[in-house]
Each structure stands twice: as C-alpha cells, then as structure tokens.
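Taking it in order: structure first as structure tokens, then the write-up.
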Amino acid sequence: MLELLNGLHAQALDELGKVSDLRELESWRVRHLGKKSDLTRILRSLSALPAEERPVVGNRANEVKRDLEAGLRDREAILRQDFLVSASQSQRLDATLPGRPFAYGGIHPVTQTIEDICDVFGQMGFQTVEGPDVETEYYNFEALNIPQHHPARDMFATLWIEPDTAGEQILLRTHTSPMQIRLMEEQSPPIRVIVPGRVYRYEATDATHESMFHHVEGLAVDKNITLADLKGTLIEFCRCLFGEERKVRFRCDYFPFVEPGAEIAIECLACTVDGCRLCGGSGWIEILGAGMVHPDVLARVGINPEVYSGFAFGMGVERLPMLRYGIDDIRLFYSNDLRFLRQF
Ligand code: FA5
C-alpha cells in the first residue's frame, strides 16, 4: 500500500509539473484529490487494513494529500500570474480599469473544525464514517441501555417523527451514539472509528446551546482497551487542537451506555469577568462525554465483554471553535452573518 501511495504521489507531481493552464489544473485536482481519486479511495478504506498497518499507511496517505494540496496551490498561483502577464502583453488587458470585487465563498468554520477533528483522529488510525440523521428509538435509546421511562431520556429532549409504516418509533437523532451500535453490529473488533454528524434536541437556545448542532462520536473496541487509552487519546486530541498550555479537565460523568463515564471540559478563555456568559463563571466549558463501553451494550451486539472492551466519546463540535477563537455565542454559526463567517 505504501508503494502504491508513493507511486501515486510521484505520478501526480510529475503530471502537475506539465499542467499549463487553469482548466488543466482543475482536471488534475479532480483526478488526484477529488472524491473519486485513488488517494481518497485509499483514505476511505484504511479501516480494512490490519491494525498494525493502519497508522503507517494513514500517516503517509495524509502526508501525500497535504503535499499535493500544497503543490496545487503553488501551481495555481504561478498559472494565474502567467495569465496576467501574457494578457497584459497581448494588450487585451487594461490594467488601469478599477477591479471588480469577487464574492468569495469559504468553508464554514464548523465544517473546518470537523475536518480538523477527522485529521487528528485519522493520524491516530481512526476511520471516518457517517450515519443517518433520522434514527429509530431502538438505536438512539434502547440499544444504549436507555429503555422507555428511563430517567436518562431527560438528558436528550427529543424531536419525534410520525411512526413509519411498520409502526416503528422514529426520531431525529439526539446524539451520534446510535452509530456505536450500528458499527458494532456490522464490524467485529478491532474497531476504531469516528462519526461526525448533525444532532437535534428540542431545547431552548442560549450562548452555548443550539437545537441543531454537530457531534463527533468516537469508538474503539479491541482486546485490552482500558480507561488509560481513553484518557490518553482524548488528552492528546485536546493538545493537538488547543496546544500544550491550555488546561483540560477530565472527570466522572454518567451516561447509561458507558461504565465508568467521564467528561472533558476546557478552560474558558472568554472568562475574564465574574458571571461569564459562556461558562457562568465556572471557568470551564464541557466539550465531550465519554466512557468505557458498557458490557451490556457489547453483549447486545454479540461482542463478548469477557474478551473485548472499548471506549467511546461524543464531542460537541461547535464548542471547539468557540473555545479556540473566543467566540462567545454558538448561535453566530447559524445566523448567516457574512461579517462573522468571513473571518474564518
Ligand atoms: C452525549 O450526547 C453522549 N452521546 C456523549 C457520549 C458518547 C458519552 C459516548 C459517552 C460515550 P452530551 O449530551 O453531554 O452527551 O453531549 C455531548 C457534547 O455535546 C457536550 O459535552 C457538549 O459539548 C455538546 N452539547 C450538548 N448539548 C448541546 C447543545 N444543545 N448545543 C451545543 N452543544 C451541545
């Protein structure tokens, strides 16, 4: 696989050197970095590799991707410059005319954050998959040890949908944890996956709560996975995103589908005065819930909890850029104010 990646890398760079105009450059981009490119196919199929090969191949594939993206940017700058020079020499360009402003689009800060999260976990050997926004009551609750009338359902104010034709209760998923079940039903250990996606809650909004927001679920199942693996993985993730100096708090929490359960909070930066609107003056903002997959959950999907163990986490995506850039209201992400969005 490494040979394949190296060959692909060399060939793409070779072709890039021969690209002579912007149209050719776009077709080069589609061929080598597009959704159907060999490189994207390799990145998507990392999970099928043996566990010991996955991090090595994952790292190399990400390196190749970064290198090709950098090459693309450099080539584009050169071609644009060439175009201007040749246009002005052929006197078709009146350089004295005032320029027309372009309305540039950009990647939404939440999408950028999801890409950053997937990159960090990708380098740790986690594969990225997605799941359905419309879920059944079974996957969202029951399979996660939250039967009807369990008090933990109050943690998730739910938007229900009319039952489907088979009479099954359906809903807009309140978290990405149902994907833990779907994945463990489909794959046998070792499993190492992250799942970004939208989640929905029937709750009032404020500076740190939205009714539609994003989660990234993480799941690792194998022999001998311990709480130390969970803590090490998540603390390393926080360091990658927030730097070495930022304080991270790891402490107990309760979720019915993990045992023991934990949460991580990050030091609040906006908190210079008492009664901070982000953290209420506590100095901390919770970014994720986590824990060791409950043995009953493993048994329910046919994985023997005597042999295997696992950890899982679910993080709130919007809170990460808030903490990184000092954004003091989550609602700014979805109010479509270009003055805000253009800053990213
Ligand atoms: C959960 O949703 C669990 N599924 C997380 C989990 C996964 C625990 C796997 C154990 C194992 P919680 O409701 O706390 O947990 O949501 C997770 C994170 O989403 C929170 O830490 C917070 O950062 C973010 N969050 C929660 N509610 C909102 C909201 N209304 N708006 C924005 N972010 C939110």
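The values are calculated or read from the model by the stated rules, or taken from the named source; none is laboratory data. Predicted model, so just to flag it, every value in this text is computed and none were measured. Heads up, the Cβs are rebuilt from the backbone with ideal geometry, glycines too, and the neighbour counts pull from every protein chain shown.
Residues in region 274-306 that are under 17 Å from ARG192 (Cα atoms) and either near the ligand (Cβ under 9 Å from one of its atoms) or of a type in the set (A, V, I, L, M, F, W, C) (or both): ALA290, GLY291, MET292, VAL293, VAL297, LEU298, VAL301, ILE303. Within the option set TYR308, TYR325, being under 22 Å from the mean Cα position of the chain (by Cα) and either in the same structural domain as GLU210 (by TED's automatic domain parsing) or buried (at least 22 other Cβ atoms within 10 Å of the Cβ) (or both) holds for one residue only, TYR325.
Contact map, region 199-226: residues that are assigned by TED's automatic domain parsing to the domain that holds GLU286 and of a type in the set (Asp, Glu) paired with residues that are assigned to a loop (DSSP other than H, G, I, E, B) and more than 10 Å from the ligand (Cβ to nearest atom), Cβ distance under 8 Å, separation 6+ or inter-chain. Pairs shown: ASP222/ALA51; ASP222/PRO189; ASP222/PRO190; ASP222/TYR308. Among residues of region 236-262 that are in the same structural domain as ILE117 (by TED's automatic domain parsing), those with a beta-carbon under 6 Å from a residue that is within 12 Å of the ligand (Cβ to nearest atom) and in a loop (DSSP other than H, G, I, E, B) at least six positions away or on a different chain give the pairs PRO256/ASN145; PRO256/ILE146; PHE257/ASN145; PHE257/HIS294; VAL258/HIS294; GLU259/HIS294; GLY261/TYR254; GLY261/PHE255.
Within the option set THR174, THR136, THR158, being modelled with pLDDT of 85 or more, away from the ligand (no atom under 14 Å from the Cβ), surrounded by 14 or more Cβ atoms within 10 Å (Cβ to Cβ) and not charged (D, E, K, R) holds for one residue only, THR136.
Would you say GLU15 is within 19 Å of the chain's Cα centre (by Cα), in a helix (DSSP H, G or I) and modelled with pLDDT of 90 or more? The answer is no for GLU15.
Filtered by the rule that a residue be aliphatic (A, V, I, L, M) and surrounded by fewer than 11 Cβ atoms within 10 Å (Cβ to Cβ), region 13-58 gives a lone residue, ALA48. Considering only residues in region 144-155 that are on the phi < 0 side of the Ramachandran plot and away from the ligand (no atom under 16 Å from the Cβ), the one that is surrounded by the most Cβ atoms within 10 Å (Cβ to Cβ) turns out to be PRO147. Restricted to region 88-185, the set of strands (runs of 3 or more DSSP E) holding at least 1 residues that are in contact with a Lys or Arg (Cβ under 6 Å, 6 or more places away or on another chain) comprises 134-136. Output the residues belonging to region 197-252 that are modelled with pLDDT of 95 or more, of a type in the set (S, T, N, Q) and surrounded by 14 or more Cβ atoms within 10 Å (Cβ to Cβ). Once the filter is applied, which keeps residues that are modelled with pLDDT of 95 or more, of a type in the set (S, T, N, Q) and surrounded by 14 or more Cβ atoms within 10 Å (Cβ to Cβ), region 197-252 yields SER211, THR233.
Any residue at all in region 93-104 that is touching a residue at least 24 places away in the same chain (Cβ under 8 Å) and either surrounded by 10 or more Cβ atoms within 10 Å (Cβ to Cβ) or of a type in the set (Lys, Arg) (or both)? No; the residues of region 93-104 include none that is touching a residue at least 24 places away in the same chain (Cβ under 8 Å) and either surrounded by 10 or more Cβ atoms within 10 Å (Cβ to Cβ) or of a type in the set (Lys, Arg) (or both).
Of all residues in region 134-162, those satisfying the criterion of being under 18 Å from LEU288 (Cα atoms) and touching a helix residue (DSSP H, G or I) at 6+ places or on another chain (Cβ under 7 Å) are ASN140, LEU144. Test THR113 against the stated conditions and say whether it is crowded, with 19+ Cβ neighbours inside 10 Å and farther than 24 Å from VAL221 by Cα. Considered against the rule, which asks whether it is crowded, with 19+ Cβ neighbours inside 10 Å and farther than 24 Å from VAL221 by Cα, THR113 comes out as yes.
Residues in region 187-230 that are part of a loop (DSSP other than H, G, I, E, B) and more than 12 Å from the ligand (Cβ to nearest atom): GLN187, SER188, PRO189, PRO190, LYS223, ASN224, ILE225, THR226.
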